[in-house]
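Chemist: Right, I'll just put the structure down here and ask away after.
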Amino acid sequence: MSVAEFVALLPVLEGLGGMVWLSSPVYVAICFGGILLVIAGWLAINGAEFIGIGLVIIYAGAVVVTFLFLIMLANQTGQAEYERAPNRPVLAWAAGILLFLMMLFSTVWREGVPGLVNRSQMQAQTGIEKITSDRRHVDQQNRAPFSRTARLSVELFSRFFLADPRKRTVADDRHDELCRDRAATKGPPGRYQ
Amino acid sequence: MTILVISALLFCTGIVGFCLRRNAVLMFIFSELMVLGAVVASVGYALLWAEEKGQILGLVLLTTAACEAAMALLIIGRIYRTKRTLDIKLLSSRGEQEE
């Protein structure tokens, strides 16, 4: 983890701490919105601009605003006893820390543990070149900058929203070709009768 | 790898907050945080393995979470109108008494 990545991680840690320690639902929802914005920026910087923008529009623009609207309607101020008193703190922290350690072990630490199959061994066994931890290497070989977002957008909107059902596609031609091959291998009708 | 650590942090903080709180709105916010951790994990693996399918899965998860949030907030608002509280312990004890 580089220094820049750690600095970018700090607002997320701060927001998560605020969400856990603050009692007022308004502040918790605002911390949640801040975390969403930081993660959206993080994803956009790392090459997932489409999801980053979707995160801002859907989560920060719709869900958090609906949360704040409900909090306003229910008149939640964080002063009630049930909003301040924790519910099963020992169980909560034990479950969270244990699960976090398990997740770290299964994702990050697993690379260096002997006896477990890591990604490079899996790549050597299967021969799949896609399994790589260096995404920029693939990008430099095959793709121009921002081509991932452009391809994803074109794929989604052309295949599902703009496609003309009457127009023949390559898949249709391939299907006809397969049908012709199958009919040719069967021979003329009535041959085996 | 950093993005996977962030997703694990989001998910585990969601679990901690969900178990810590007694307010229904806050519990739902923390469950949304868990969904956000799942979205970030799928996008993180998509970036790590140079696959676009993970991003499409993340988009589907986002949409599902938004629909779920709308429905759950409607139910929570309805509960508050009838019971005048959002305390989960109180609501569950009242439900047991009514049964």
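The values are calculated or read from the model by the stated rules, or taken from the named source; none is laboratory data. Treat the numbers as computed from the prediction; the structure is a model and nothing was measured. In this analysis, Cβ positions are derived from the backbone assuming ideal geometry, glycine residues included, and neighbour counts consider all displayed protein chains. Quick note on the areas: whole protein, heavy atoms, side chains included, nothing else; ligands and nucleic acids left out. Shrake-Rupley method; radii C 1.70, N 1.55, O 1.52, S 1.80 Å.
Chemist: Whole-Hz ³J(HN,Hα) for each residue in segment B:77-86, computed from phi via Karplus 6.51 cos²θ - 1.76 cosθ + 1.60 with θ = phi - 60°, x for glycine and proline: what do you get?
Modeler: Coupling constants for segment B:77-86: x, 5, 4, 5, 5, 8, 9, 6, 8, 10 Hz.
Chemist: Could you list which residues have their amide H under 5 Å from that of B:Asp87, counting only those 5 or more apart in sequence or on another chain, with H placed in the peptide plane?
Modeler: none
Chemist: Could you sort B:35-47, A:61-73 so that the peptide with the highest average Cβ count within 10 Å comes first and the rest follow in order?
Modeler: Numbers: B:35-47: 23.2, A:61-73: 17.5.
The densest-packed peptide leads the list: B:35-47, A:61-73.
Chemist: Dividing the convex hull volume of the alpha carbon atoms of chain B by its residue count, what do you get in Å³ per residue?
Modeler: Given the Cα convex hull of chain B, per-residue volume reads 88 Å³.
Chemist: How far is the Cα center of segment A:38-63 from the Cα center of segment B:71-93, in Å?
Modeler: Computed from Cα coordinates, the inter-centre distance equals 31 Å.
Chemist: Just to be sure I understand: if you take the accessible area of chain B alone plus chain A alone and subtract the pair, with a 1.4 Å probe, what total do you get in Å², rounded to 100?
Modeler: The summed interface area works out to 5600 Å².
Chemist: Short version: ³J(HN,Hα) in whole Hz for each residue of segment B:63-69, in order, from phi by Karplus 6.51 cos²θ - 1.76 cosθ + 1.60 (θ = phi - 60°), x for Gly and Pro, what are they?
Modeler: Rounded to whole hertz, the list is 5, 4, 5, 5, 5, 4, 5.
Chemist: From the phi of every residue in segment B:36-51, what ³J(HN,Hα) in whole Hz does the Karplus formula 6.51 cos²θ - 1.76 cosθ + 1.60 yield, where θ is phi - 60° and glycine or proline is x?
Modeler: So the J values, rounded to whole Hz, are 4, x, 5, 4, 5, 5, 5, 5, x, 5, 4, 5, 5, 9, 6, 10.
Chemist: Something else now. Looking only at other chains, what is the average number of their beta-carbon atoms within 10 angstrom of each beta-carbon in A:92-104? Could you put the intermediate results ahead of the total?
Modeler: On the way: counts 7, 5, 2, 5, 11, 3, 2, 5, 8, 2, 2, 9, 5.
That works out to 5 on average.
Chemist: How much accessible area per residue does chain B have, in Å², with a 1.4 Å probe? Please report the intermediate quantities before stating the final value.
Modeler: Values: 4210 Å² over 99 residues.
Heavy-atom SASA per residue in chain B reads 43 Å².
Chemist: Which value in deg cm²/dmol, rounded to the nearest 500, describes the helix-derived mean residue ellipticity at 222 nm for chain B, given -39,500 (n - 2.57) per DSSP H run of n ≥ 4 and division by the residue count?
Modeler: Numbers: 4 runs with 86 residues, N = 99.
Using -39500 (n - 2.57) per qualifying helix, the result is -30000 deg cm²/dmol.
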